[in-house]
1. State which residue is modelled with the highest pLDDT when the search covers only region 147-161 and only residues that are part of a helix (DSSP H, G or I) and touching a helix residue (DSSP H, G or I) at 6+ places or on another chain (Cβ under 7 Å).
2. Do we have any residue at all in region 268-280 that's at pLDDT 80 or above, surrounded by 21 or more Cβ atoms within 10 Å (Cβ to Cβ) and not in a helix (DSSP H, G or I)?
3. Being over 13 Å from residue 39 (Cα atoms), in the same structural domain as residue 43 (by TED's automatic domain parsing), modelled with pLDDT of 75 or more and under 28 Å from the mean Cα position of the chain (by Cα) narrows it down to one of 132, 79, 122, so name that one.
4. Within region 345-361, track down each residue that is crowded, with 18+ Cβ neighbours inside 10 Å and in a helix (DSSP H, G or I).
5. Quick one: which of 164, 111, 171, 144 is within 24 Å of residue 58 (Cβ to Cβ) and either in a loop (DSSP other than H, G, I, E, B) or modelled with pLDDT under 70 (or both)?
6. Restricting to region 294-319, name every residue that is over 27 Å from residue 193 (Cα atoms), surrounded by fewer than 20 Cβ atoms within 10 Å (Cβ to Cβ) and touching a helix residue (DSSP H, G or I) at 6+ places or on another chain (Cβ under 8 Å).
7. Yes or no: residue 199 in a helix (DSSP H, G or I), buried (at least 21 other Cβ atoms within 10 Å of the Cβ), touching a residue at least 40 places away in the same chain (Cβ under 8 Å) and out of contact with any helix residue (DSSP H, G or I) (no Cβ under 6 Å at 6 or more places or on another chain)?
8. Answer yes or no: is there a residue in region 45-58 that is more than 18 Å from residue 130 (Cα to Cα), over 36 Å from the mean Cα position of the chain (by Cα), touching a residue at least 40 places away in the same chain (Cβ under 8 Å) and assigned to a helix (DSSP H, G or I).
């Protein structure tokens, strides 16, 4: 009721998830849902005269992830040309086509490829992966074609060619999706929304709880309420339930916007998603209780909440995976790490309750610990 009567606060609580989803959805959804690699293909100064080079070059035209721009070799040093083209076209990759793709003697054909070392690591990975895939596939097709020509010319028999193919490719892969709930193209917005939900839980749960309790204490509201027959447990339950209602309201707006405007696909159970959100909300409210026990003013509680929120936001894997090492070990002490992991596993990978039981159990353990310690400290502080 207090929130309902504060119209400015109510507007903010509604506008916060709307603005948040619009910003992240516009940045990572819609037309920007897939990574597109700007690539410059440098053709020989005399033009393409070898049909094999033309066929190889044409491979990049059929790849959605590649946006290719073609230029002519100026004759300058390749590394100088590559640096200039990366800067001029804001390219991630520069590929120099050879004049001929026919191997000479024992020397393989060399295709110089330069990439921008300052580009986003994800774009670098996609660019080099696509290029290696094209080169490998094209090289294999040339190899098979030359063997078939050898049979036609009578140089090799069919049995000999089959034996050579077996030696050249002794192992093959048969890639299939595992436990796919349904066929879908994963967009980046599908990966980022669980992190946005986790972030909303974090900020509203920790900061809202801490500031609300401290402000009521400073204004004398809690002292007056404690003088009534209402129990301390009921007051804490009221704080907890009000924050949970606000967070569930914000998260629902986030998810509705993501599904409606940015075609978010939730692979797993929506009920399980909300169950994880409720557990995460309880964890963050517990942290807010702890902050409220040591903060003397609302401003102080806000600063303490920021001190807790920022490391948790960065190291919990909300927007990027924490690399292996000591920082990865530190990330495991944050409850948001397990909430975010469970959300992403259900929303993106479609996992069931049994499959996310471990991170969910760890989050529940954090909840019990924070609530137990927070309520004890808060009751002791208010009794004093």
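The values are calculated or read from the model by the stated rules, or taken from the named source; none is laboratory data. No experiment lies behind these values; they were computed from the predicted model shown. Positions of Cβ are generated from backbone atoms using ideal geometry, with glycine treated the same way; all protein chains shown enter the neighbour counts.
1. Our first condition is that a residue be part of a helix (DSSP H, G or I); within region 147-161, this holds for 147-152, 158-161.
Then drop every residue that is not touching a helix residue (DSSP H, G or I) at 6+ places or on another chain (Cβ under 7 Å), which leaves 147, 150-151, 158, 161.
Numbers: 147: 68, 150: 72, 151: 71, 158: 77, 161: 63.
By that ranking, first place goes to 158.
2. The answer is yes, given that some residue of region 268-280 is at pLDDT 80 or above, surrounded by 21 or more Cβ atoms within 10 Å (Cβ to Cβ) and not in a helix (DSSP H, G or I).
3. 132
4. 345, 346, 347, 356, 359, 360
5. One residue alone meets the criteria, 111.
6. 294, 296, 297, 298, 300, listed by residue number.
7. Yes: the conditions hold for residue 199.
8. Yes: one or more hits.
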